[in-house]
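A short write-up of the structure that comes next.
The values are calculated or read from the model by the stated rules, or taken from the named source; none is laboratory data. In this text, all values refer to a predicted model and were calculated from it rather than measured experimentally. No Cβ is skipped: glycine too gets one built from the backbone with ideal geometry, and neighbour counts run over all protein chains shown.
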Amino acid sequence: MIAIILVNWNGWQDTVDCVRTCLALEGVEARIVVCDNASADGSVEKIAAWARGDLSVPADPDSPVPLSEELLPKSVAILDRAEAEAGEDGANAQLVIVRTEANLGFAGGNNVGLRWALKRGASHAWLLNNDTVVPPDSLAQMVGFMASHPNVGLCGSVMAVYGQPSMLQAYAGALDRTTFGARHLAEGMPSDSPEQAMCADPPKSDEVLYPVGASMLASRAFLEQVGLMEEDYFLYYEEADWVLRAEGQFDVAIAPQSVVYHKVGASAGSLTEGVSAFSAGLLYRSRIKLAERFGRRGSRSLRLTIAKDFLRAIVRGRFGQAKGILMAATGLVRIPGSS
């Protein structure tokens, strides 16, 4: 069994469309776990009502993947966090909705689902953004790729833009080992030939490839040996941390035939330099934490790069971004729920 884990935060309509496409997946045995991070929009009740057939939710007619309004989960269960992490089964429900009871961030919300998956004996866990839709073969392509490359413990999908499906968001991310800056590979390239895009924009020799966090398939062995996601980041750089921790134990790769369509910007998990102080503050806070964890926080290159980013934001009039960078550099960023 493969656990498909979605984190929802005030985005129940996106989640419903994502679940619709997960229900149509072919060639895999999967159960869907939606971890709700204390949404304020009634997400748990609305998703459950839709799943039971009590709430009609119109499908987006412009979705790049057909959305069936008739396809509903065979069964649904609502668990609290303690029940989920203890591995309660929800009477073998096809859709499990978990109240995490707090905004745990990207990693924290996913980790609740990962603990459930490990307790239930899942062979793999697919971390999937709730603002995506997936073709029927997207998961089977990753599973097949990992089966033919047995040392791959973490596998990503090629990410296409939901509103412009012929264009890539990226096929992967690349992390600079010196500055800990990150970039998307093949961003904006045509999506019809992923292998060609991979050849056209490979990671550089001083960069580490990592899957875009909106779609990552982890093997059970990877989860048991490398561990769950690092929750201290709250948002941004979690997947890069995971990949760095796995070095020397597992390979990380992208399945070129697994395509996922992402509503870029619809959820807070995409690695972009937002112009708001809060978004930029979280981004640079996580970047500095990653450098600190891997021994480079005080490096001259990192300090110089962040200073340049700050000045560039000022010159371009992105004062919110500049404020966020300054707050991160001085340790003043506060994540939700922290004291």
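Structural remarks
- The residues listed here are GLY11, GLY53; of these, the one that is at pLDDT 95 or above, over 27 Å from PHE234 (Cα atoms) and among the small types (Gly, Ala, Ser) is GLY53.
- Among the residues of the range 88-98, those identified as in contact with a helix residue (DSSP H, G or I) (Cβ under 6 Å, 6 or more places away or on another chain) and more than 18 Å from LEU228 (Cβ to Cβ) are LEU95, ILE97.
- In the range 116-133, the qualifying residues are those that are part of a loop (DSSP other than H, G, I, E, B) and surrounded by 24 or more Cβ atoms within 10 Å (Cβ to Cβ), and the one that is farthest from the chain's Cα centre (by Cα) is ALA122.
- Residue count, the range 200-252 (criterion: farther than 19 Å from PRO150 by Cα, among the hydrophobic types (A, V, I, L, M, F, W, C), in contact with a strand residue (DSSP E or B) (Cβ under 6 Å, 6 or more places away or on another chain) and assigned to a loop (DSSP other than H, G, I, E, B)): 2
- If you go through the range 72-102 and pick out every residue that is surrounded by fewer than 14 Cβ atoms within 10 Å (Cβ to Cβ) and among the aliphatic types (A, V, I, L, M), you end up with 4.
- GLY105 being on the phi > 0 side of the Ramachandran plot, crowded, with 24+ Cβ neighbours inside 10 Å and in the same structural domain as LEU25 (by TED's automatic domain parsing): yes
- Some residue of the range 159-170 being small (Gly, Ala, Ser) and within 16 Å of the chain's Cα centre (by Cα): yes
- Candidates GLU26, GLU45, filtered to the one that is surrounded by fewer than 22 Cβ atoms within 10 Å (Cβ to Cβ) and in a loop (DSSP other than H, G, I, E, B): GLU26
- Subset of the range 314-338 (residues that are over 21 Å from ALA291 (Cα atoms) and either part of a helix (DSSP H, G or I) or at pLDDT below 85 (or both)): ILE314, VAL315, PHE319, GLY320, PRO336, GLY337, SER338
- Single residue of the range 284-313 satisfying the filter (of a type outside the set (Lys, Arg) and assigned to a loop (DSSP other than H, G, I, E, B)) that is nearest to the chain's Cα centre (by Cα): PHE294
- Cβ pairs under 7 Å, 6+ apart, first in the range 163-181 and farther than 18 Å from ALA214 by Cβ and in the same structural domain as TYR236 (by TED's automatic domain parsing), second among the β-branched types (Val, Ile, Thr) and outside any loop (DSSP other than H, G, I, E, B): ARG177/VAL208; THR179/THR305; GLY181/THR305
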